[in-house]
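To start, the structure under review is shown below, and the notes come after it.
Please treat every number below as a calculation from the coordinates, not as lab data. Source: prediction; values computed, not measured. We place every Cβ from the backbone using ideal geometry, glycine too, and count neighbours over all the protein chains shown.
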Amino acid sequence: MAIDGDYAVVWFGQDSDPAGPVPATDTPEAEAAYAGLTLAARKAEYAQGETVEFVLRKATPGSASLVGAYYEIEKDVVGEWRSYYRTNPDSWRFRTPVIEFGGVAKAIQWDQRQRGDPDNVASRGGYRMKFYAPEAFDGSLTAEFAIV
């Protein structure tokens, strides 16, 4: 079994998986999957200056603590992810710091305008959000999107 972004793969059959075994916790995504949380951008592409929206859901029974959660936005610069924006875990909080399975999904919004300046928006290109919830899981969840 393997998890990659929004996809999970399970190999059924008598022959071995040609890709070989996948360690259960070899990546931050796999470790985050144990909390049963999923993260997705609402759209694949956003206009410059448009608020980027993400949806965080609890996909397995139980609850997860979002106390101390934070995120950073990274930009693809010539094939390398570079930090672009980061929230402060001490000042950025969910109103309800717990997410429940089958409950309301959490909405996360990123305003491209830096420091409230309407003319200072993100440039075109590929981006991703890395979401951290240290009380729920080790590692991060990621969701990619583009500014067009």
- Query: What is the list of residues in the range 39-69 whose amide nitrogen lies under 19 Å from a point 7 angstrom out from the Cα of residue 105, following Cα to Cβ?
  - Reply: 39-47, 51-66
- Item | About the Cα centre, charge dipole magnitude for the range 36-147 (Lys/Arg +1, Asp/Glu -1 at Cβ), debye | 180 debye
- Item | In range of the label at residue 93: residues from the range 115-148 whose backbone nitrogen is under 20 Å from the point 7 Å along Cα→Cβ | 132-137
